[in-house]
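Readers should treat all values here as calculations from the given coordinates under stated rules, not as data from a laboratory. Everything quoted here is computed from the prediction, not taken from an experiment. Here Cβ is always computed from backbone atoms with ideal geometry, including for glycine, and neighbour counts include all displayed protein chains.
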Amino acid sequence: MPAEPSYVIVGASLAGAKAAQTLREEGFGGPIVLLGDEAERPYERPPLSKGYLLGRDEKSSIYVHDEGWYAEHDVDLRLGVTAVAIDPANRGVRLADGGVIGYDKLLITTGASPRRLDVAAGDLDGVLYLRTVQDSERLSAAFRGGGTVVIAGAGWIGLEVAAAAREAGCEVTVVEPAPGALHASLGPELGGMFADLHRGHGVRFRFGEGVGELRGSAGRVNAVITSAGTELAADIVVVGIGATPNSGLAQAAGLEVGNGILADAALRTSDSDIYAAGDVANAFNPLLGRRIRVEHWGNALAGGPAAARSMLGRDVTYDQVPYFYSDQYDLGMECAGLPEPGRYDQILYRGDRDGREFVAFWLSGGVVVAGMNVNVWDVNDDIQALIRAGAAGEHVDPARLADPDIPLTQL
Ligand SMILES: Cc1cc2nc3c(=O)[nH]c(=O)nc-3n(C[C@H](O)[C@H](O)[C@H](O)COP(=O)(O)OP(=O)(O)OC[C@H]3O[C@@H](n4cnc5c(N)ncnc54)[C@H](O)[C@@H]3O)c2cc1C
């Protein structure tokens, strides 16, 4: 009987761990090696800027699997191990300790890393980033003392951290070069709603200004000078200015990259034995008709399993509607689709916009391209169905779309 092929996954987080789970669920009986450079077993990151940061969630709740799951399912989880090179010609992954692991199929789920603040004195103590569980614990400890927090970036991470810092009793100012909050992901109108929510909780914003310089004494930050020359006192600076895909390994191995690892709709890279999923993959989405790189939990959760099935030779077309959720203060939301500025020409509301209990729809040429439910639940699947219908060219009646008495399923 021929030996089962061996599968290696580089990147032990949500996408990688879910891929390993799917390989076993689909009946794969060969060796699976799951490599991760962090010391923790795979965990989910959304709580790091929400319940775990606020001290509400137990650490045990953030893990993808129980501690014993990997051994029980014969998944060789190797933590604290960094893959330093991929050799596609010899199908091997070289590790930092010089060892090499051979593979028949390889999945890269190396995720993304926070973009660093490229300013003078950017490495002072008190300048913090948020990606790992240790980062979250560091922030949580820093907020416990109260004090003055300046946040660079009014994106999702920046705003969720702002909410956590306010709830911990800190003074918070957010500095953002764009004209508004969440400008690139929601556009000015809905981004403005989030800015108002934060203002109502005492957060100050400085839009149109970046962090120009940091100042400190005895190696510790004490002020931010904005690009407009304004000096803001700061005990802590949190940097949330985006993330860059960890595609260096793939690039050095000669795979095609460009804003992440380029992959087809089956999550196959330019090497037919190597796959990519999660934050690092820039994969063709047939629904949208273009490549997208999605830095969201739902994409790691579904993309890892899709890549695993593809590795097993199943017929996979990964055409997920991009999905994202966020919790800030008493506002919970889910957003489906990509409502980036320039990709819509109309926004319609169903429900109570001022009371922040509504669904917003972004339309382009009369078809739904994105939708966000705010403090309204159990509708996101219906929103996604409308986006799928929109992608197929189906128009909706705007009056019916905005009418909360007509169930979304009837549209
Ligand atoms: C603080 C925070 C809050 C978030 N909140 C939300 C949210 O509310 N909603 C939402 O939809 N999304 C949220 N996200 C995004 C979501 O967490 C990511 O999309 C998701 O973690 C991506 O999973 P991944 O497995 O692709 O990559 P990652 O989670 O980045 O994991 C990749 C892993 O690979 C490891 N690795 C990298 N290179 C190597 C190497 N050479 N060798 C070995 N290991 C390597 C990394 O250290 C890491 O452990 C949040 C992200 C953060 C950081």
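Annotations
- Neighbourhood charge, 12 Å Cβ-Cβ cut-off, centred on L408 and excluding it, Lys, Arg +1 and Asp, Glu -1: -3
- Rounded, prolate or oblate (a/c below 1.5 giving rounded, otherwise prolate when a/b exceeds b/c) for region 21-91 by Cα gyration tensor: oblate
- GluC sites (Glu not before Pro) within region 21-66: DSSP coil, no more than 16 neighbouring Cβ in 10 Å: E26, E40, E58
- When the Cα positions of P42, V368, F207 are compared along the charge dipole of the chain, F207 comes out farthest toward the positive end, with charges on each C-beta of Lys, Arg, Asp and Glu.
- Dipole axis of region 127-241 (+1 Lys, Arg; -1 Asp, Glu on Cβ), positive-most option in G192, S217, G147: S217
- For region 119-221: relative contact order, % (alpha-carbon pairs under 8 angstrom, 6 or more apart): 33
- Shape call, region 28-148: gyration tensor on alpha carbons, a/c limit 1.5: oblate
- Rounded Å value of the spacing that divides the Cα centres of region 163-225 and region 380-411: 35
- Cα-based reach from K18 at 21 Å (exclusive), listing lysines while leaving out same-chain residues under 8 positions away: K59, K105
- Over region 121-205, volume per residue of the alpha carbon convex hull, in Å³: 95
- Look at the alpha carbon pairs under 8 Å that are at least 6 residues apart: their mean separation over the length of the chain gives a relative contact order of 14 percent.
- Bridge type composition, region 127-241 - antiparallel percent by DSSP, nearest 5: 40
- Quarter of Cα convex hull surface for region 142-267, i.e. mean projection, nm²: 10.5
- Antiparallel bridge percentage (DSSP; both residues within the chain; nearest 5): 60
- The share of alpha-carbon pairs in the chain lying farther apart than 36 Å comes to 30%.
- Applying a DSSP loop filter and a limit of 15 other Cβ atoms within 10 Å to the trypsin sites (Lys or Arg not before Pro) in region 12-101 leaves R56.
- Simple spin-label estimate for D118 and D319 in nanometres, 7 Å along Cα-Cβ: 3.9
- Counting every pair of alpha carbons in region 330-410, the share spaced more than 15 Å apart comes to 51 percent.
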